[in-house]
Amino acid sequence: MSVQRIAFGQLPADALKTLLPLAAWLALLAVTARDLAQFVWKTPENSFAPWLLLIAMGLLAHHALRFNWQQSNPSRSERALALLLLALGAPGFALGHALQLELVNAAASLLLMAGVITWTGGVAAQRALRFPIFFCLLALPYPAWWVSSMTGPIKVLISQAVEFILYQLDFPVARDGVILALGPYRMLVADACSGLNSLIFLLALGLLYMHFTGHRPRWHRLLLALLLIPLAIMANGIRVLMLALITYYLGDAAGQSFLHDAAGLVLFMSGYVGLLLADTLLKKMHPIGRAQSSPPLVHARTGWPGVNWANSATLTALLVLTGMAGLWLKPNHYLAQTNPLPPLSQLVPETMGQWETARNSENLLIVPGDESLLKELYHQTLSRIYTNPQGQFIMLSVAYGGHQFGNELQAHRPEACYRSSGFELLQSHDVSLPLKEASLKVRQLVALRRDRIEPITYWMTVGETPTLPGLDRKWVQFQYGWAGQVPDGFLVRVSSIDKTPERAFELQADFIAAMQHAGLGRMGLPLGKNSQ
């Protein structure tokens, strides 16, 4: 009886020693989730990520409660490994939160989680929790350029497959890139319906199924994991085919109604049925005597981790200091408030040099399709078409955001905007455009959709500093953030329709020079003393 009283009396102290660092890490995770919810999770392509994170946290709790924490006694080398993980995660979290670097922020939170696990339970705890730790990686906000490059071929493959099936069934169908023309309707195969992100979500559910349905030989698990990729692509194709038929028979309004979301259930059901069939066939290939499945070995739950107060206080202090550093580094001086921008329709003249605004030709412009998202991400946008006395046309698109940390202008980047509209990007290179007073570094692309060839020149700004996507832009953002400033910024895109890109780029350079002469210095154009 006395032994039971001692054990019961020790439980609150053990619980408190464990809950203190756990609560500190959960608070940091909540901050990361809030940062991701402000931009990344609002996009349709990443709407699945919070669900994966919730599943990962449930898996983490499920495995942690079954690990024998009291018998774990991390060695000095394991404590050193934990300190290394914490040393990598702490500055990553602080800078990622302060400068809105979503991937850095999320990855740092996972490093902090791994550090907490290693500090408390050593490498044995890491090994026991390896599946939920790996599962967390599927919820990371991967770089948009990588997602876009991976999504493009998948969308084309699905579009080709759906066109082939509908054609064989005698439907009036045609395809232009990833745009399907079915009867009187034109349907864009969007990233959210057939892209890499929905494929990742299906892969995550497949891995979850394998994890909870018993032991399998290593070759079985590897082969089934590889089969998840074509199964996920097939399930996406079934969804697109279903939406095409709904639109054809019931109209565009029905295709955009609740039936669009209901088709997502078909996506997961068809993927799950395919997974069950593949798993059943692979089980039949097991040699005799090895077909029996056994549940994975787990440790019995024996109570709270056997950590002392010194270790608990040290770990909690490190996590609290990490959160305080993120708050201290976060800039709060908004340049958009110090130097407010007038309406873009007033800032950008309708006449610049020999260029004048053309009327009734806006249908040539390529703009992102989600208007509600545009209003939420950007403070102002402007799209115009200009013409010169020779009858040549230039299309101008400007997006302005008053908070230029992170990737708020991502939806307007031509690499994403044109691909989502069914274009193929043939060329991409960075050049220094010679202008009066200085040069301007721009990116030049050539987009193709059927018989439309559209050369594009664009650049971005952070504050009034012209940049291009990549490390240079992140470095400029870091400099502003370190100075305690939150910069505003532009994305300026100039394009024209021309089968000769070299001639088009020369015409665009002439138009950009006219923009410079018009005094648009806030868009990153170098201005001299005599500029307007």
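Brief remarks on what is shown
- Index of the failed condition, L344 passing every other in (1) at pLDDT 90 or above; (2) more than 30 Å from L425 (Cα to Cα); (3) open to solvent by less than 60 Å² (accessible area, probe 1.4 Å): (2)
- All of (1) at pLDDT 80 or above; (2) over 18 Å from S420 (Cβ atoms) hold for L202 with one exception: (1).
- Count - residues of the range 347-363 that are hydrophobic (A, V, I, L, M, F, W, C) and either surrounded by fewer than 17 Cβ atoms within 10 Å (Cβ to Cβ) or more than 13 Å from L520 (Cβ to Cβ) (or both): 1
- Scanning the range 316-330 for residues being open to solvent by less than 20 Å² (accessible area, probe 1.4 Å) and part of a loop (DSSP other than H, G, I, E, B) gives a total of 0.
- Filter result for K474 (touching a strand residue (DSSP E or B) at 6+ places or on another chain (Cβ under 8 Å) and open to solvent by 30 Å² or more (accessible area, probe 1.4 Å)): no
- Verdict on D430 being touching a Leu at 6+ places or on another chain (Cβ under 8 Å), surrounded by fewer than 19 Cβ atoms within 10 Å (Cβ to Cβ), farther than 28 Å from Q337 by Cα and at pLDDT 90 or above: yes
- Of everything in the range 60-95 that is without any contact (Cβ under 8 Å) to a residue 40 or more places away in the chain and of a type in the set (G, A, S), the residue that is farthest from L26 (Cα to Cα) is S77.
- The range 450-532 holds strands (runs of 3 or more DSSP E) entirely within its bounds, and those carrying 3 or more residues that are under 19 Å from A399 (Cβ atoms) and β-branched (V, I, T) map to 452-462.
- Considering only residues in the range 497-523 that are in contact with an Asp or Glu (Cβ under 7 Å, 6 or more places away or on another chain) and modelled with pLDDT of 90 or more, the one that is surrounded by the fewest Cβ atoms within 10 Å (Cβ to Cβ) turns out to be I497.
- Qualifying residue in the range 433-451 (condition: of a type in the set (V, I, T), under 26 Å from A358 (Cα atoms), open to solvent by less than 50 Å² (accessible area, probe 1.4 Å) and touching a residue at least 12 places away in the same chain (Cβ under 8 Å)): yes
- All told, G463 falls short of being in contact (Cβ under 8 Å) with a residue 12 or more places away in the chain and open to solvent by 10 Å² or more (accessible area, probe 1.4 Å).
- Scanning the range 236-265 for residues that are closer than 18 Å to M187 by Cβ, under 24 Å from the mean Cα position of the chain (by Cα) and modelled with pLDDT under 80 returns Q256, H260, D261, A262, A263, G264.
The values are calculated or read from the model by the stated rules, or taken from the named source; none is laboratory data. For clarity, every value in this text was computed on a predicted model and none was experimentally measured. Methodologically, a virtual Cβ is constructed for each residue, glycine included, from the backbone with ideal geometry; neighbour enumeration extends over all protein chains shown. Calculation scope for accessible area: heavy atoms of the full protein, side chains included, ligands and nucleic acids excluded. Shrake-Rupley method; radii C 1.70, N 1.55, O 1.52, S 1.80 Å.
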